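Okay, structure first, notes after.
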Amino acid sequence: MKYYLNLFIQEFEKTCKIAMRYKFDTIFYIFFWAVLSVIVSHVLCAKHPSNVPIFVSSFMIWLITNNSFISIVESIMKENTQGTLEQLYLNARSFYSLLIIKGVAVSILSIIESMLTLSLCLLFVPNVKFSMILQWIYVLPLLLIAIFSLIGIGMTCASFALKYKNISNFYSMVSSILFGILTYGAIFLNKKPILTILFPFAKANATIQLFLRGKTQISANAYIIIIINDLLMMALGYVVLKYYLKESKKSGSLSKF
């Protein structure tokens, strides 16, 4: 356990250092989404002012899910393109556990960046109170638990890169659409429990939105469904990763990264 804890600390430090090294990209990322949210909020405020807080909360959920997923996929694919994926596979105690740790590290950084975006939004978005920050802090434990479903589906998609090269742009496009549908259709999905189990982050999405709207509290049943969804997505990621690793070793392509 101590080994994995130290590995996570080192991986998180590495992720933060990379973000600071490319500080212009990091700052641009935070300000770009903040400005976009403010512009859309002002347009929405002119017609439907009561919907502005709902839009901001939904936008934040989409931002966290979409960019966490992309960060997870890209962190694995980057090892692929740099030729270090094989070294990680050969030297890690558990290759799957190592990828989980990498996923958690980049997901936490994505959440931190998204929270900074939210803080900037609250300074300029009309009809949104600073109490929303406290609400988001309250749902952070649920968010951190649910993020494992994104790690699982992220590893599933990144595993395809062992066979199909240069598909990161495809993932970015598909994830934006997918998580957009999941975010803005979350309330509908919440009425069908089987769908919240099968789709990544669906139950967490609906639970957070309903809580931020003041329509429900976070129940133990929500946590149970979220954990089941996490386990399902993580199992899917494990199976797909093992399959493509096996195929890559057969063809010898794993040693050619």
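The values are calculated or read from the model by the stated rules, or taken from the named source; none is laboratory data. Keep in mind that this is a model prediction, so the values were computed, not measured. Here Cβ is always computed from backbone atoms with ideal geometry, including for glycine, and neighbour counts include all displayed protein chains.
Could you list, in sequence order, the residues of region 1-44 that are under 21 Å from the mean Cα position of the chain (by Cα) and of a type in the set (Gly, Ala, Ser)? Within region 1-44, ALA19, ALA34, SER37 meet the criteria.
Scanning region 23-71 for residues that are surrounded by 12 or more Cβ atoms within 10 Å (Cβ to Cβ) and among the hydroxyl-bearing types (Ser, Thr, Tyr) returns THR26, TYR29, SER37, SER41, SER57, SER58, THR65, SER68, SER71.
When LYS2, LYS17 are screened for being at pLDDT 85 or above, out of contact with any Leu (no Cβ under 9 Å at 6 or more places or on another chain) and not β-branched (Val, Ile, Thr), only LYS17 passes.
Restricting attention to region 49-60, does a residue exist that is touching a residue at least 40 places away in the same chain (Cβ under 8 Å), closer than 21 Å to ILE151 by Cα, in contact with a helix residue (DSSP H, G or I) (Cβ under 7 Å, 6 or more places away or on another chain) and not acidic (Asp, Glu)?
Of all residues in region 49-60, those touching a residue at least 40 places away in the same chain (Cβ under 8 Å) come to 49-50, 52-54, 56-58, 60.
With the extra rule that they be closer than 21 Å to ILE151 by Cα, the set shrinks to 58, 60.
With the extra rule that they be in contact with a helix residue (DSSP H, G or I) (Cβ under 7 Å, 6 or more places away or on another chain), the set shrinks to 58, 60.
Right, trim to not acidic (Asp, Glu) and you get 58, 60.
Yes, region 49-60 contains a residue that is touching a residue at least 40 places away in the same chain (Cβ under 8 Å), closer than 21 Å to ILE151 by Cα, in contact with a helix residue (DSSP H, G or I) (Cβ under 7 Å, 6 or more places away or on another chain) and not acidic (Asp, Glu).
Residues in region 198-214 that are under 15 Å from the mean Cα position of the chain (by Cα) and on the phi > 0 side of the Ramachandran plot: PHE201 only.
Examine region 197-212 for a residue that is touching a residue at least 12 places away in the same chain (Cβ under 8 Å) and of a type in the set (Lys, Arg), and state whether such a residue exists. Yes, because at least one residue in region 197-212 is touching a residue at least 12 places away in the same chain (Cβ under 8 Å) and of a type in the set (Lys, Arg). Close Cβ contacts (under 6 Å, 6 or more residues apart or on different chains) running from residues in region 111-134 that are under 14 Å from VAL52 (Cβ atoms) to residues that are outside any helix (DSSP H, G or I) and at pLDDT below 80 comprise LEU122/VAL128; LEU122/PHE130.
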